[in-house]
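The values are calculated or read from the model by the stated rules, or taken from the named source; none is laboratory data. A quick note: this is a predicted structure, and the numbers were derived from the prediction, not measured. These accessible areas exclude ligands, DNA and RNA; they are computed on the full protein's heavy atoms, side chains included. Shrake-Rupley method; radii C 1.70, N 1.55, O 1.52, S 1.80 Å.
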Amino acid sequence: MTTTPPADPRIEAVAARLKEAVQERAEAYAPPADWQPIWKRPRKPKSIKAKKVELAKQRKRLKAAGIRRFYGAQARRPRPRQNRIGSAAARRDARALSRMRHSNAWLW
């Protein structure tokens, strides 16, 4: 048979104060009643001037990207053959060295 201890008024008072504090904290941290997440709020229409400024920025950004892309492609284009004639001997040497490296000649 289990018995419950008699209710201590001091413990009851502390428990009541704790419950009140918890309730106050919950009310303080709760979002306001009229709060809505930003993606559900109605959109405020932009002024014509603001729209034009935004579009001008976008045009400038896209134009700069296009220029970067163009010059990036220019840098990778094959160079004229005239520049490579002088390095034919170096290429031949490199080819021979590569053949040696990939062969098993060093074992003999």
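One table, with the values for the structure above:
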item	result
Rounded percent of accessible protein surface that carbon and sulfur make up, the stretch 21-65, 1.4 Å probe	60
Spatial separation of Cα centroids for the stretch 1-26 and the stretch 46-73, in angstrom	65
